[in-house]
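Here is the structure we will look at, set down as structure tokens.
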Amino acid sequence: MNKIYDALAEVNKVIKGKDDVVVRVMSAILAGGHVLMEDIPGVGKTTLSTTFAKTLSMDYKRVQFTPDVLPSDILGFSMYNSNTREFEFKEGPIFCNFFLADEINRTSPKTQSALLEVMEEGSVTIDGVTRKVDDNFVVIATQNPSGSAGTNMLPESQLDRFLVCLTMGYPSHSDTVEILKNNGGFTKPDIKPVISLEELKAMKIESSNLFVHDSIFEYITELGETTRKHPLFSRGVSPRGIIALLRMSKAYAYIDGSEFVRAQDVQNVLADVFCHRIKISPKARTEGLDTKAVIGELLGAVTPPRQ
């Protein structure tokens with residue numbers, strides 16, 4: 001566990017005042033999931049991603065998504081070699097273990113959907129040949145808020161592939177002053193690898209094996225099922241979303257040093273896992289409720305198990 005805390009401290013050298021977001025990103029990585037960072041430009045989404053890649057000793061690739069990026073620019077393509085008279089496959093940047101999809105909602109839906117298979121199954125199929133990516137493969141995608149100029153909304157199938165959706169938010173006054181004192185962020189501390197890929201893989205296994213009591217299984221299931229029948233929701237979470245809540249709860253509890261998953265762990269990550277998967281109903285909008293407020297209503301509607 002000390003290694004995890006050292007890794008978090010290393011990331012916090014660069015990312016000031018966002019300890020909670022850093023813990024949640026680390027939890028998602030331990031859970032073997034992908035992260036969607038939605039926020040306005042300039043709050044440190046990309047910096048957070050690159051810092052994590054260095055800290056976790058990961059092979060890092062970044063693609064800036066623009067309207068003219070094609071699926072082959074990400075996945076790779078086959079090229080004819082006149083010397084061998086055979087087609088040779090040229091790997092795309094997706095063949096790494098840490099892929100940053102920068103401003104993913106600025107590209108076309110066709111290019112966005114190119115990531116569906118690799119995010120869900122850890123493999124890429126091109127010209128009928130399926131190729132596996134690394135076991136530690138993770139996608140961190142950043143996107144500008146919906147409605148920003150030049151953006152395309154991610155389809156629901158794409159959103160469901162992301163374990164969590166997080167928001168950085170503005171730094172506090174004191175953190176902004178600290179950033180300015182550090183040459184406006186241009187002078188970055190030297191980030192060192194803290195956790196090796198082998199250690200990361202072992203931690204992921206330990207996290208997934210964390211004990212879960214039957215009452216917690218019941219609680220997680222009831223939270224998911226309630227989104228499908230509560231009047232404040234027009235679309236509930238899928239079974240994948242309920243599984244994602246369990247995985248994220250385990251990883252969050254593991255980082256907290258717990259030997260089992262508590263109801264509080266589930267509640268702490270519920271909004272991160274559910275917010276991008278549900279749709280609020282016209283009734284909720286009429287009452288002036290946003291997505292996070294509806295998630296709060298959900299927590300109040302389902303009784304947690306006794307500790």
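Every number in this text was worked out from the coordinates using simple rules, so none of it is lab data. Nothing here was measured: the structure is a model prediction, and the numbers come from that model. Glycine also receives a Cβ, built like all others from the backbone with ideal geometry; neighbour counts cover every protein chain displayed.
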Peptides ranked, highest mean first, by Cβ atoms within 10 Å: ranges 108-115, 191-198 | 108-115, 191-198
With r as the distance between the Cβ atoms of SER123 and VAL177 and R0 = 41 Å, compute the FRET efficiency 1/(1 + (r/R0)^6) and round to 0.05.
-> 0.30
With the contact rule set at Cα under 8 Å and sequence spacing of 6 or more, what percent relative contact order holds for the chain?
-> 22
Applying the Karplus parametrisation 6.51 cos²θ - 1.76 cosθ + 1.60 with θ = phi - 60° to the phi angles of the range 277-291, what ³J(HN,Hα) value in whole Hz is obtained for each residue in order, glycine and proline being reported as x?
-> 9, 10, 10, 7, 7, x, 4, 5, 5, 4, 7, x, 9, 9, 4
Return the calculated 222 nm mean residue ellipticity for the chain, to the nearest 500 deg cm²/dmol, obtained by summing -39500 (n - 2.57) across DSSP H runs with n ≥ 4 and dividing by the residue count.
-> -12500 deg cm²/dmol
Cα-based reach from LYS132 at 22 Å (exclusive), listing lysines while leaving out same-chain residues under 8 positions away | LYS61, LYS90, LYS110, LYS201, LYS204
What is the order of MET79, MET37, fewest Cβ neighbours within 10 Å to most?
-> MET79, MET37
Label-reachable residues, the range 7-40, where backbone N falls under 20 Å from a point 7 Å from MET153's Cα toward its Cβ | 36-40
Whole-Hz couplings from phi, Karplus 6.51/-1.76/1.60, listed for the range 176-181; x for Gly and Pro | 5, 4, 5, 5, 5, 5
Mean Cα-pair separation over length for the range 2-185, i.e. relative contact order, pairs under 8 Å, 6 or more apart, % = 30
For the pair GLN267 and THR303, how long in nm is the line joining their label points, each one 7 Å along Cα→Cβ?
-> 1.5
Quick one: grab the alpha carbon gyration tensor of the range 4-49, order the square roots of its eigenvalues as a ≥ b ≥ c, and give me rounded if a/c is under 1.5, else prolate or oblate depending on whether a/b is larger than b/c.
-> oblate
Setting aside same-chain residues fewer than 8 positions from LYS229, which aspartates and glutamates have a Cα under 19 Å from its Cα?
-> GLU218, GLU287, ASP290, GLU297
By count of other Cβ within 10 Å, fewest leading, how are HIS213, HIS34, HIS173 ordered?
-> HIS173, HIS213, HIS34
Over the range 210-301, relative contact order from alpha-carbon pairs under 8 Å, at least 6 apart, % = 34
So, over other residues within a Cβ distance under 11 Å of ASN144, counting Lys, Arg +1 and Asp, Glu -1, the net charge is -2
Report the antiparallel proportion of the DSSP beta bridges in the chain as a percent, rounded to a multiple of 5.
-> 40
For the chain, what does the alpha-carbon gyration tensor say about shape, rounded, prolate or oblate, given a ≥ b ≥ c as the root eigenvalues, a/c under 1.5 as rounded, and a/b over b/c as prolate?
-> rounded
Gaussian network model of the chain, springs between alpha carbon atoms under 10 Å - residue of SER72, SER172, SER57 with greatest fluctuation | SER172
